[in-house]
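What follows is one structure encoded as structure tokens, with my remarks underneath.
No lab work stands behind these numbers, since they all come straight from the coordinates. Everything numeric here is computed off the predicted structure, so don't read it as measured data. Using ideal geometry, Cβ is built from the backbone for each residue, glycine included, and neighbour counts are taken over all protein chains shown.
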Amino acid sequence: MGDFTYLLISGLSLGSLYALMALGLVIVYGILRLVNFAYGEYIMVAGYTLFLLSPSPLPWLVMAVVAAVMAAVMSYLTERIAFRPVREKSLTAMLITSFAVSTLLQNAALLFVSPRARVVPTPGIFSETVIIAGNVTPVREILAIVVSVALLIGFSILLRKTILGIALRAAADKFTMTRMLGVPANLVISAAFVISGLLAGIVAIFWLGRTGSVTPGIGLTPLLVAFVSTVIGGMRSLSGAVVGGYVLAFVTIIFNNLLPGDLYEFREAFIFTIVILILLFRPEGLVRGRG
Amino acid sequence: MSNIRVTVRRRATAAFAQGIAFGMGILTAGAFGAPTAAAQEELFIGGALSLTGIQAPLDEPTLRGAQVAVEALNEEGGILGKQIRFVNLDGKSDPATVGNVAVQLIEQGADMIVAPCDFDFGGPASRAAQNAGLVGISTCASSPLYGSAALGDKQFTASMWNTTMGAAAAEYAFKEKGWKTAYVVTDTFIDYTVTLSRYFIEHFENLGGTVIREDKYTQGAQDFSAQLNRIQNLDEKPDVIFISSYMPDLGTIIRSIREIGIETPIMGGDSYDDTGLFAALGEAHGNDIWFVTHTYMKEGVAPGMADFLEKYEEVHGEAPDTSFTAMGWDTVMIMAKAAEKAGSTDGDKMADAMEEMTFDLLSGKLDYSSAEEGHYPYKEGALVELQNGETSFIGWMKPTNPPAP
């Protein structure tokens, strides 16, 4: 029983972060059909913001909010400066641009900060633990679950009840039709990027809290995780991204715990075999979107 | 009108692109010394150190140290009466790129090659040097594969091998600390992390200790919960946990262990020698950690250390924050002394000189075995302790009868 709760909490905590990452990636994909490869760099930006703010006397919560907002601002700026000028050209142009933005941001961190790990401040509560069903569990993991679930609920209310949300969903469904009905394209796209960046920023707080440090290449794993989650869950569905995130996290955690030592080295092979199996039976992902 | 606007915009884009290219240029070229073409009176040292990617945290400090050594040598007249030109091209933590930039440097006339701080990432640079008949030295690769057997008779590493590093850790744990049982976590990422654990286990068991279990981890997995669960549920608590991993995940692993209240001493190798790790662990988690590394940045630890610290600060405007900087200095100094002794930069002559000589370095005394014996680097490890997030130097450690590679 203890082992089961441990698996459950680890899976939920990792899955919540994966789900948020995937959601941030898919919200832009849904509208522009663009896989934003600079997405992981928003996490890096949030991390370096925390690092730069760490000498200041601000309370941690304020720093965290500023960091998440900075990620959203960076996401907005990349859309405005990099993606908008090439949006009309072709999807390939945007894809290449997203690689360029990613490289540019990483190199900026290398040049202006350092290739070596820099410390991000973490609050005391991140290091505290509670005992659940006989297992010592970091409070940070519980917080990650609570914050993510609250965000997911808030986000789904936003999508269902507000005009912006309805416009976003409509744009994700049939972008051209939505524009014809008078919804301003630029506004919807900018909003999608801001939300995407904000999600990355919030994920960054918990993701970096695990290590306590940030490096220029920190965004790669979250980007891959988000990408694989969206593929599993369904590239055209927002709820699919969330489902994909949790599925990937649980598959990972289960293999981590159950594979015997010698097979552990091939963990990735096992995980991706499952991913391939899912895609064989559900080529469009677990959740089928419309359009 | 619109035409003009288009041109202006194109120009702005072009300028922007140039700006980017310039920025990348700084990253990739990083030339030190006179930027002129190789002339007769110049001696050209080529570096393939990685300034980007996962290897950068280790290679960047060695590059800084090497730059200080080149400046210091040039002030005193260079090597063989020639001024040294040192150019590093970014190997980008990609073995293929490392090999390519080494070939490029050799084509530009490099006389010797400084290879990255790892066998998997640095080996290709040494292979290129070997093919061109040049001496190649890795700044701090500690895999026992880094030597003449795998790479060729003109290839060396300035570091001790993992046989020494792992055994020094085991000997300190067993003999000095009296720890009898160990739990080992091995990152299966690269040869360095795998062999370090292997030699720790071998020596610890030879001394009479018991290894409860060797658990595996993979760099980049970012999830240590399964391994943590196994440590928590052990029937018998180990005296020490030996973790052979790499930054950035090393930080995650140690934090996860300390966070849930496991206070067991932790030991490891030179990948711990990173201020980023100490700061990330902080006062709360940076306790009871010991590691074997190359040297320690403090006067009196090795002859010439005070001089190095002063010169480093002159060149870079700040004190060195990791002992890896000394490995860059040592690598260049080995090259300088070997070339002086051989009286030439010829690869064969230099390699012969290196096999005969004993080097007195910032990272201790170094003796190489012959090429037939693999260029085994006879060296001591430096033991460093981390308490309350602060390091202190314990001393030099030369294990008796370290395992054979």
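P(r) tail for the stretch A:116-160, what percent of Cα pairs lie past 16 Å? Value for the stretch A:116-160: 57 percent of Cα pairs lie more than 16 Å apart. Three semi-axes describe the equivalent ellipsoid of the stretch A:2-281; taken as square roots of 5 times the Cα gyration tensor eigenvalues and ordered largest first, they are 30, 24, 19 Å.
Averaging the Cα positions of each part gives two centres, and for the stretch B:263-331 and the stretch B:119-150 these lie 24 Å apart. When the alpha carbon gyration tensor of the protein assembly as shown is reduced to an equivalent ellipsoid, the three semi-axes, largest first, read 45, 33, 21 Å. Highest mobility in the GNM of chain B, judged by mean-square fluctuation with C-alpha springs under 10 Å and restricted to B:Gly286, B:Gly304, B:Gly65, is found for B:Gly304. By the count of neighbouring beta-carbon atoms within 10 Å, fewest first, A:Arg179, B:Arg255 end up ordered A:Arg179, B:Arg255. Each Lys and Arg contributes +1 and each Asp and Glu -1, all at the Cβ; summed about the Cα centre of the stretch A:2-281, the dipole is approximately 920 debye. Computed from the C-beta positions of B:Glu236 and B:Glu75 and an R0 of 56 Å, the FRET efficiency is 0.45 to the nearest 0.05. Panel order for A:Ile218, B:Ile262, B:Ile79, by other beta carbons found within 10 Å of each beta carbon, from fewest to most: B:Ile262, B:Ile79, A:Ile218. Each Cα pair under 8 Å and six or more residues apart adds its separation to the average, and for chain B the resulting relative contact order is 17 percent. Label 7 Å along Cα→Cβ of A:Ile131; the stretch B:256-299 residues with amide nitrogen under 13 Å? Residues passing the 13 Å test: B:261. Alpha-carbon geometry of the stretch B:185-270: the Rg and the Dmax are 12.3, 34 Å, given in that order.
Taking every alpha-carbon pair under 8 Å whose residues sit at least 6 apart, chain A reaches a relative contact order of 35 percent. For the stretch B:347-360, the Karplus equation 6.51 cos²θ - 1.76 cosθ + 1.60, evaluated at θ = phi - 60°, returns couplings of x, 5, 5, 5, 4, 4, 4, 5, 5, 7, 7, 10, 9, 9 Hz by residue, with Gly and Pro reported as x. Computing FRET efficiency as 1/(1 + (r/R0)^6) for B:Lys341 and B:Ala404, where r is the C-beta to C-beta distance and R0 is 35 Å, gives about 0.75. With an a/c value of 1.5 or above and a/b not larger than b/c for the gyration tensor axes a ≥ b ≥ c computed over the alpha-carbon atoms, chain B is described as oblate. Couplings 3J(HN,Hα) of the stretch A:236-245, computed from phi: 9, 9, 5, 5, x, 4, 5, 4, x, x Hz, in residue order, whole Hz [Karplus 6.51 cos²θ - 1.76 cosθ + 1.60, θ = phi - 60°; x for Gly and Pro].
Close amide H contacts of A:Val136 (hydrogens built in the peptide plane, cut-off under 5 Å, sequence separation of 5 or more or a different chain): none are found. Taking A:Met74, A:Met177, A:Met44 in turn, the Gaussian network model of chain A (Cα-Cα springs below 10 Å) assigns the largest fluctuation to A:Met177. Per-residue 3J(HN,Hα) values for the stretch A:16-30, derived from phi via the Karplus relation 6.51 cos²θ - 1.76 cosθ + 1.60 with θ = phi - 60°, read 4, 5, 4, 5, 5, 4, 4, 4, x, 6, 7, 5, 6, 4, x Hz in sequence order (x marks Gly and Pro).
Sort out for me the Cα centre separation of the stretch B:169-220 from the stretch A:1-59, rounded to whole Å. For the stretch B:169-220 versus the stretch A:1-59, the Cα centre distance is 34 Å. Remark: mean inter-chain Cβ contacts per residue of A:114-124 equal 6, using a 10 Å Cβ-Cβ cutoff to other protein chain atoms. Largest GNM mean-square fluctuation among B:Asn162, B:Asn233, B:Asn88, using chain B with Cα springs under 10 Å: B:Asn233. Per-residue Cβ neighbour counts within 10 Å put A:Lys89, B:Lys154 in the sequence A:Lys89, B:Lys154, beginning with the fewest. Basic side chains Lys and Arg get +1 at the Cβ, acidic Asp and Glu get -1 at the Cβ, and with that the dipole of chain B about its Cα centre reaches some 1240 debye. Extension gain for A:Ala150 to A:Asp173 (0.36 nm times residue separation, less C-alpha to C-alpha distance): 5.8 nm. Proximity of backbone amide H atoms, modeled 1.01 Å from N, is registered between B:Ser138 and B:Ala115, B:Phe156, B:Thr157, B:Ala158 at under 5 Å, excluding neighbours fewer than 5 places apart on the same chain.
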